[in-house]
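Below: the structure, in C-alpha cells.
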Number of protein chains: 4
Amino acid sequence: MKDLARVAISIDKRLMARFDKAMEEKGCTNRSEAIRDLMREALVEREWESGEEVVGTITLVYNHHTRELSDTLNDLQHHFYHSIISNLHVHLDEHNCLEVMVVRGPSSDVRKIADRMIGTRGVVHGKLTMATTGKGLH
Amino acid sequence: MKDLARVAISIDKRLMARFDKAMEEKGCTNRSEAIRDLMREALVEREWESGEEVVGTITLVYNHHTRELSDTLNDLQHHFYHSIISNLHVHLDEHNCLEVMVVRGPSSDVRKIADRMIGTRGVVHGKLTMATTGKGLH
Amino acid sequence: MKDLARVAISIDKRLMARFDKAMEEKGCTNRSEAIRDLMREALVEREWESGEEVVGTITLVYNHHTRELSDTLNDLQHHFYHSIISNLHVHLDEHNCLEVMVVRGPSSDVRKIADRMIGTRGVVHGKLTMATTGKGLH
Amino acid sequence: MKDLARVAISIDKRLMARFDKAMEEKGCTNRSEAIRDLMREALVEREWESGEEVVGTITLVYNHHTRELSDTLNDLQHHFYHSIISNLHVHLDEHNCLEVMVVRGPSSDVRKIADRMIGTRGVVHGKLTMATTGKGLH
C-alpha cells in the first residue's frame, strides 16, 4: 500500500555513528525509522504553526467537589461538541479527577478551547498536547 | 473543607497592573486564582523532576493496518498494567488511530513506559504529557 | 524609586507550605520574590506572543573552516544591523565557534532573523532564546 | 577533511514530499542538510540529558540600580570562573541590563550555575539555553 522511495543522504561518518549509538541506547535499532520519526515530529510542529487541521488532547486535573465545576466543564464541552471527539475520565482519588479530551480542528480553535477549559476556575492543572490527524505522515 | 490563609505579598504597582491586564485578556479575572495557577504549575514541574508519584498521559497516533502494531502495543500495555490506569481509543479515519493512556507512578517509570510506547515501530507520533495526582495542589 | 503595593491573596495553607518548601530547596527564601518571578515569566511569554518589542539572544555553533560561512553570517548580521545590538564570539576549539547575538525588535522580526541565521548552511546548532527589554517588569 | 558516507534510507514518497515542501518554506533547500540538522538537534538534547560536557548560555535581565546586585552577580561569576568562558553585557536602557554568559562543563554543573544566577534577588528574567561544544556534530 505504501509507495516507498530510497533516498540517499550524505552524512559525516562520525555523525552517523553517534546518531546510531544514541538511537540504540533509546532502544531504536532501525536507522530509517529513527530519521523518519524526526521528520514527522518537525512536520507535526509545522501543522500547529500553520493553522492546519490538527488533533490535540486537553488534560485537566480538578477536584470534583468544587462547586459547579463539573457542570461548567460539561457546559463548555457541549458548547464545543463539534470539535471534541471524545473524553476519558479517571478518578484519581476521593477528590481528584483527571479528564482527557481529544479535540480536532484548526490549531487556533483547538488552542482556544484549551485556554477556556484550563482557565476554568477550580481546575488545578491543565495542559494542551499537540498531536496529529496522521494524514501524510506514514 | 479548605484551610485558607491570607498571604500578603509586596509587588510594584506597574507589575501588578500589567499582570492583571494580561490575565484579563486571557479571560481570567481572579488575581488570586491566577497566582495560585502559576504556583501549581511550578510545583507540578518539580514533582516530575524529583521523581515523586505523578500522573501522565501518553498520546500515540498510528496506522492500525501496520503489521503486528496493535498486538505489540497491547502486549506492552499489559506488561505495564500496574501503571496504566486507563485508555482512550479514537478512530481518526480509515487508517489512523489515536490512543491516550493515563499512567501513574514514579516519574522515571512513567517516562520509561512512554519511551517504549512512542519508540514502537509504526507509531507515527507520540507524546508524554506531564499531569499530576492533584495531591496538595488545592 | 519603586511604587510598591501590598497585595493580599488567599491560598490554601498546604499549597502555600508546599510552594515555600519547593522554593527553599531551590535556594529562594523570599516568597514575594518567588511569586513575582512567576508573574514576570508569564508576562515575558506574553510579550513574545503578542508581537511587542522584545529582546532575544540567538546562539549559533559552527565550524569556521566551513567555506564562506563566516562571510555569509557576517553579511546577514549587517543586513539586520538595525536589530542586532551586539555579538559575543567564543572559540570553542580549533574548529568550532560559538556566537551569541543580542537582538531587539518586534517578536516576529526577531524570530525571522533567528530562522535565517540558524538555517544558514554549515551552522551545526542554533537556538533562539526569549528575553525581554525589562520594561514594566520590576 | 570530512569523511562522508552516503546513507540510503527508505521513506514513503508522500512523507518525503511533505518534508521537502515544509523545509523549502523555511528557506532550506538542501534535503541532506535538513535531515542532518534534525539529527544534530536530537544529539544535543541527549548530551544535556546524559551529563556530558556541554556549552550553554545564561541570559539575565536586571536593573543595575538594584542594591548590591551587580556585586553579587560579579562575585558569583568569579566563584564559577572555571566554567564561565565569557560575558556579554548590553545596556538596554537607563535601568535595565542584559547579560549573556557562555558556560562550559558537565550539564549538571551548568544547570547549577544557571539556577544560582537566575535565582539571585533582583534578576527580573533569566534563561538557560542549551548549546554544544560542537564535537562530533559535523
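Bear in mind that the values in this text are calculations on the coordinates, not laboratory data. What you are looking at is a predicted structure, and each value in this text was computed from that prediction instead of being measured. Don't worry about glycine lacking a Cβ; one is built from the backbone with ideal geometry, like all the others, and counts go over all protein chains shown.
Observations on the structure shown:
- Across all C-alpha atoms in the range C:53-130, the radius of gyration and Dmax reach 11.8, 37 Å.
- Chain C: most fluctuating residue of C:M39, C:M16, C:M117 per GNM, C-alpha cutoff 10 Å: C:M16
- Between C:H65 and C:A5, the modelled labels are 6.0 nm apart [label points 7 Å from Cα along Cα→Cβ].
- Residue-count net charge about C:L76 - beta-carbon cut-off 15 Å; Lys, Arg +1, Asp, Glu -1: -2
- In this Cβ point-charge picture (+1 for Lys and Arg, -1 for Asp and Glu), the protein assembly as shown has a dipole of about 0 debye about its Cα centre.
- A Gaussian network model of chain C, with springs between Cα atoms under 10 Å, assigns the largest mean-square fluctuation among C:D93, C:D12, C:D20 to C:D12.
- Within 10 Å of each Cβ in B:49-55, the average number of Cβ atoms from other chains: 1
- Mean-position separation - Cα centroids, the range A:41-109 and the range D:1-42, in angstrom: 34 Å
- With label points defined 7 Å past Cα in the direction of Cβ, position C:G119 shows copy-to-copy spacings of 3.2, 3.3, 4.0 nm, given to one decimal and shortest first.
- Shielding of peptide A:119-128 by partners, expressed as the average count of other chain Cβ atoms within 10 Å per residue Cβ, is 6.
- Inter-copy spacing of C:K135 label points, which lie 7 Å from Cα along Cα→Cβ, given in nm from shortest upward: 4.2, 4.4, 4.7
- Rg followed by Dmax, in Å, when chain B is reduced to its Cα trace: 20.0, 62
- GNM result for chain A, Cα springs below 10 Å: residue of A:E25, A:E94, A:E33 fluctuating most strongly: A:E25
- Residues whose amide H falls under 5 Å from that of C:I85, counting only those 5 or more places apart or on a different chain, are C:V102, C:V103, C:R104, with hydrogens built in the peptide plane.
- Extension gain, C:D75 to C:D115: 0.36 nm times the residue separation minus the Cα-Cα distance gives 12.9 nm.
- With label points defined 7 Å past Cα in the direction of Cβ, position D:K13 shows copy-to-copy spacings of 3.5, 7.0, 7.1 nm, given to one decimal and shortest first.
- Cα Rg, Dmax (largest Cα-Cα span) when computed across the protein assembly as shown, Å: 24.1, 71
- Charge sum, other residues only, whose C-beta stays under 13 Å from D:I118's C-beta, Lys/Arg counted +1 and Asp/Glu -1: +2
- Degrees between helix C:31-49 axis and first principal axis of chain C (Cα, 0 to 90, nearest 10): 40 degrees
- Partner chain coverage, peptide D:18-25 - average Cβ within 10 angstrom: 4
- Degrees separating the helix D:107-118 axis from the principal Cα axis of chain D, which is the longest one: 40 degrees
- Anchor B:K13: lysines whose Cα lies under 21 Å away (excluding residues fewer than 8 positions away in-chain): B:K21, B:K26, C:K2, C:K135
- Residue and distance for the chain A Cβ closest to the axis that moves A onto C, in whole Å, come to A:E49, 6.
- Theoretical ellipticity at 222 nm over chain B - DSSP helices of four or more residues, -39500 (n - 2.57) apiece, nearest 500: -13000 deg cm²/dmol
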